[in-house]
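One structure is given here, and the rest of the page talks about it.
What follows draws every value from the coordinates through simple rules; no lab data is involved. Given the structure is predicted, the values throughout are model-derived calculations rather than measurements. So basically every Cβ, Gly included, is an ideal-geometry build from the backbone, and we count neighbours across all protein chains shown.
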Amino acid sequence: MDSYSNRTFDELQLGEAITRSHRLTRPDVEALAFVSGDVDPFHTDAQSTRQDTMSAEGVAAEALVSALLQRRLPGPGTVIVAQDLRFGGTMRVGDLIWGTLTVREKRPDTREVVFECRVLNGDVVLMTGSVTVIAPDRRIAFTDLATPEIVLRHTDAFSRLIKRCEGMPTVRCAVVHPCDRDSLLGPLEAARRGLIEPVLVGPEAKIRAVAESASADLAGVRIVDTEHSHAAAAAAVALARAGEVQALMKGSLHTDELMGAVVDGANGLRTARRISHVFVLDVPAYPRMLLITDAAINVAPSLRDKADIAQNAIELAHVLGIDEPRVAILAAVETVNPEMQSTLDAAALCKMADRGQITGGLLDGPLAFDNAVSEDAARTKQIESKVAGRANILLAPDLESGNMMAKQLQYLAGADSAGIVLGARVPIVLTSRADSVRSRLASTVVMALLADAQRNKRPILP
């Protein structure tokens, strides 16, 4: 790796110039088109003589100039304050574009430097004009690290689900023990968007203290005061049993506290179906919505449990707009091995689907993770399947493997996630205490669609 140093205002000389090139790759072009939208009007500085549409070509040219200014001349510590740029020309994958910066003016009173800019694709001019910067006043040495690869989000699943909620009746939802910032602001943001009517259940003094510290307005929001988190869970379940709320949302309490009240034999929310959990994931590198189950409720599910877990996930997929979900039943290998219970369960679940005991989806297994999500991997291993490589649902062998798989996709692959509990009388948003407001909002969207489907007794298909 090469080491570089910036240039301070005093070191820059009029007429000094730098030229660098960059060859466009497919990820470059996709990322630039994604950023530009290729349709949005770009309004230049007020001194400009015209307004141009900022196409992907324009974004590429401006990105090259910005990189030269921030990394080369003057380099780190540079602040861009104004620009007067004109765009034109075209580019394609494989083209070599050249950018040149020339020092045209220095303003000692403000440390401003005006650079003349020019970007070419061969003989074609992509951009001309000027950029004004505040140059650094001290030397900064740095290592020229490679620009990280940009991974585009293929599906933007949750934005589309939010769009589908527009005009839908709000869902009255009991938020259980919302006694920290994110667990309170998440449902309040969902209420602002018209998704839910929150009923806050927990110690009122704590809830109001959190709201005050977060500058959140609780005007018009119902609060059911309880002594502590266990009492909050019991009170929220009682509201659901009485029909006063159509959903539950976990706040800043342990999952065991909430689910203990939900599964209580006398006063809980059980149905004939096994209760299970689904992570709904929008993975940037995967071209479809991905559901992982069960990763939070059933520690070591039996074959009978897995049948219910699969059916719960399939019915959720229907609600989310997947009319024939592909269910990959995961194991460490893709062949049946009598010494591996997960492979025996997978084979039995597929036969149960053949006999109509599990309906509404396509099941296949055992499948290893790579065969489930990669068509190339499935092809290499000569797996003939309508599910392999294109799974919508991953059914994990047990809670540990499911939870680790979901968390790895979130923290290492940048997946957005929602967490939902199925099989109870009402849908339950089950998020981690570490989840952000964004994740809580995504979970609320899934819950709202489920509650609406239950209200109308039908799935919501596209």
Inset, instruction - Diagonalise the Cα gyration tensor of the chain and give the resulting equivalent ellipsoid semi-axes, square root of 5 times each eigenvalue, largest first, whole Å. - result: 51, 30, 19
Legend entry - In the range 273-423, lysine pairs closer than 21 Å at Cα, eight or more apart or cross-chain: 4
Legend entry - Antiparallel %, DSSP beta bridges [both residues in the chain], to 5: 65 percent
Inset, instruction - Could you grab the relative contact order for the chain? Cα pairs under 8 Å, six or more apart, rounded to a whole percent. - result: 14 percent
Inset, instruction - Give me the percent of DSSP beta bridges within the range 273-423 that run antiparallel, rounded to the nearest 5. - result: 50 percent
Inset, instruction - Within 10 Å of each residue's Cβ, count the other Cβ atoms and sort Leu24, Leu73, Leu395 from fewest upward. - result: Leu24, Leu73, Leu395
Inset, instruction - Using all C-alpha to C-alpha distances in the range 273-423, build P(r) with 10 Å bins and read off the rounded percent in each one. - result: 13, 47, 36, 5
